[in-house]
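*Asks:* Mind having a look at this structure? Questions to follow.
The values are calculated or read from the model by the stated rules, or taken from the named source; none is laboratory data. The structure presented is a predicted model; accordingly, all values stated were derived computationally and were not measured. Quick reminder, even Gly has a Cβ in these numbers, built from the backbone with ideal geometry, and neighbours come from all protein chains shown. With ligands, DNA and RNA removed, areas are computed over all heavy atoms of the protein, side chains included. Shrake-Rupley method; radii C 1.70, N 1.55, O 1.52, S 1.80 Å.
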Amino acid sequence: MNQSRIEEAKMSFKNHKATLIQNTDRYTIIDWKNEDGSNNYYINFIIDKLRGNFIISGDLGDCIATWYNKLNIKNLKAYIKSIDYFISKFRCASNCYTYDYETLLDDLLKQYDMNIEDIEDIKYYMSDCYLNHKSGLIPSGEVVDILGKYDSDWWETFDYFGRDVDFRIFLWIVGFNMACEQLGL
């Protein structure tokens, strides 16, 4: 995981306190909240140990991740170490990724050996691309035509260009680990 983002997430929670709401054979429920009582960066974590669900809700968005088998705190902490693996288990969630036009252009230039004219055209037409937070940047017809000159299967990787994991995912992972540590779980 990105160490600078982890450190930033830890700083966001420096005044948070974990409260164990319930811990049974079936469920563990943890509230993670600023000790001053504010709801800023508040998170509620629910682990359904029998069904393998990890439910996150609160000020930082919502998520339901499912493993479809029994789950315990130790396993869950190991599973969420890999952000990509964790995201693959999401059944529904607030935005998982952010998209950046400049990063997208950089990624395209690394992938394709484009001529100067096409680079300038891509820059010009990028403002016509539509941002959909679930599926990323949707290119305009002009961008599609340019990319098609370089790769007939450009669409297979286009979703990854300009994409970065949303900071909320780091906050969920770091917050959960810090809360568990405070509670000795």
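*Asks:* Check 51, 5, 26 and return the single one that is among the basic types (Lys, Arg) and at pLDDT below 95.
*Replies:* 5 is the lone residue from the list that is among the basic types (Lys, Arg) and at pLDDT below 95.
*Asks:* For segment 71-88, name all the residues that are within 22 Å of residue 31 (Cα to Cα) and not hydrophobic (A, V, I, L, M, F, W, C).
*Replies:* Correct list: 72, 74, 75, 77, 79, 81.
*Asks:* Can you name the residue in segment 22-48 that is acidic (Asp, Glu) and surrounded by 15 or more Cβ atoms within 10 Å (Cβ to Cβ) and, of all such residues, is farthest from residue 175 (Cα to Cα)?
*Replies:* Residue satisfying both the conditions and the ranking: 48.
*Asks:* Here's another thing I want to ask about it. On the basis of being open to solvent by less than 40 Å² (accessible area, probe 1.4 Å), in a loop (DSSP other than H, G, I, E, B) and at positive phi, does residue 61 make the cut?
*Replies:* Answer is yes for this residue.
*Asks:* Further, regarding this structure: Starting from segment 89-100, take each residue that is among the basic types (Lys, Arg) and list its partners that are surrounded by 16 or more Cβ atoms within 10 Å (Cβ to Cβ) and in a strand (DSSP E or B), counting only C-beta distances under 9 angstrom and pairs at least six apart or across chains.
*Replies:* Here the result reads 89/54; 89/65; 89/66; 91/53; 91/63; 91/64; 91/65; 91/66, each pair linking segment 89-100 to a residue that is surrounded by 16 or more Cβ atoms within 10 Å (Cβ to Cβ) and in a strand (DSSP E or B).
*Asks:* State which residue is nearest to residue 183 (Cα to Cα) when the search covers only segment 4-21 and only residues that are open to solvent by 70 Å² or more (accessible area, probe 1.4 Å), part of a strand (DSSP E or B) and not β-branched (Val, Ile, Thr).
*Replies:* Among residues in segment 4-21 that are open to solvent by 70 Å² or more (accessible area, probe 1.4 Å), part of a strand (DSSP E or B) and not β-branched (Val, Ile, Thr), the one nearest to residue 183 (Cα to Cα) is 20.
*Asks:* So in segment 137-185, with the set limited to residues that are hydroxyl-bearing (Ser, Thr, Tyr) and surrounded by 14 or more Cβ atoms within 10 Å (Cβ to Cβ), which one is modelled with the highest pLDDT?
*Replies:* 150
*Asks:* In addition: Return the residues of segment 71-126 that are in a strand (DSSP E or B), open to solvent by less than 50 Å² (accessible area, probe 1.4 Å) and touching a Ser or Thr at 6+ places or on another chain (Cβ under 9 Å); say none if nothing qualifies.
*Replies:* Selection gives 90 alone.
*Asks:* Another question about this same structure. Which of (1) basic (Lys, Arg); (2) under 20 Å from residue 163 (Cα atoms); (3) surrounded by fewer than 15 Cβ atoms within 10 Å (Cβ to Cβ) is the odd one out, the single condition residue 51 does not satisfy?
*Replies:* Among (1) basic (Lys, Arg); (2) under 20 Å from residue 163 (Cα atoms); (3) surrounded by fewer than 15 Cβ atoms within 10 Å (Cβ to Cβ), the lone unmet condition for residue 51 is (2).
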